[in-house]
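Scroll down for the structure; my scribbles are underneath it.
What follows is calculated from the coordinates using simple rules that are stated; it is not laboratory data. Given the structure is predicted, the values throughout are model-derived calculations rather than measurements. Every residue, glycine among them, receives a Cβ derived from its backbone with ideal geometry; neighbour counts consider all protein chains shown.
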Amino acid sequence: MGLALIVCPACSRSSPAAAATEKAVVSDRDLVVLPNNTAIYARHDRLVAVRREGDILWEAKVPADDQIIAPVAVALNSTAYVRGSKALHAISPQGKWLWSKALDGSAFTKTPSVNAPVTFPDSTVAVAVGDDLVRLDDKGVVRWHSTLPEGHVTASLRAGMDGALFVPTSSGLYCISPDGNVSWVRAIGD
C-alpha cells in the first residue's frame, strides 16, 4: 500500500525534515472524487487519478497543449470534464480522453470558479463562454447555446436535479430551462 504525504507549505518552513518530503499542495480547486472512489487531482496541464488504496491509476496530459483554468467537474457516469484555456475536454474514468470541444474564450469574469464546468444528473455538462452558456451532451455535441439578456456571470454555475441551470449574474439570478431558454430572472438583494 502506497502513502502520499502532502505537507502544508507554512508547516514545512518550521521543519527541515517536513520540507524535504514536501511533494505538492493539493487544494479543493484541484481535487475531485469520482463516484467509483477514484480521486483525480489537476495540475496545470495534467490529471492524475489515484485509487482509494493510494495507487496511481493513470496520469493524462491535457490534449493540444492546453492548460487547466478551472476546477474539474465530475458526472454521475464518472466522466470528468476539464476546462482548458482552449477547449472543454472529457476524460473517462479509465484515463482515456473521450472528446474535446473548442471554446471561443473563457467566461467574461475569467475566474476559476466562473469558468468551472457544471454537470447535470444525466451526465451532460454546461460552461460559460463570455456571457453565453453552452450545454453539451456526454458525447461533446452541443445541446443548446443561450445568451444572457443582461449582466455577466459572477459565480459558479449550478445544475438543478431537473436539468435547469442556475446562473448568478450581475443582473440577478437566472434560471435556464432544460431546453436552454431563460425561465426567469430574480434580483438578489444584499
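List of remarks:
- 3J(HN,Hα) along segment 71-85: x, 6, 10, 10, 8, 4, 7, 6, 6, 9, 10, 10, 8, x, 6 Hz, from the Karplus curve 6.51 cos²θ - 1.76 cosθ + 1.60 with θ = phi - 60°, whole Hz, x for Gly and Pro.
- Of all aspartates and glutamates in the structure, those lying under 13 Å Cα to Cα from LYS139, and not within fewer than 8 positions of it along the same chain, are ASP122.
- Taking amide H atoms as placed 1.01 Å from N in the peptide plane, the amide H of SER123 lies under 5 Å from those of LEU76, each 5 or more residues away in sequence or on another chain.
- Simple label model, 7 Å out from Cα along Cβ direction - ASP179 to ALA164, nm: 1.6
- Radius of gyration and maximum dimension Dmax of segment 28-186, Cα, Å: 15.1, 48
- The residue list ALA159, VAL50, LEU98 was ranked by how far each Cα lies along the charge dipole of segment 28-186 toward its positive end, using unit charges on Cβ atoms, and VAL50 comes out on top.
- By other beta-carbon atoms within 10 Å, ranking ARG143, ARG43, ARG83 with the fewest at the front produces ARG43, ARG143, ARG83.
- Within the same chain, lysines fewer than 8 places from LYS110 are excluded, and of the rest, those with a Cα less than 17 Å from its Cα are LYS86.
- What the phi angles of segment 115-130 give under the Karplus curve with 6.51, -1.76 and 1.60, with θ = phi - 60°, is a coupling list of 7, 5, x, 10, 9, 10, x, 8, 6, 7, 9, 10, 9, 9, 10, x Hz, glycine and proline written as x.
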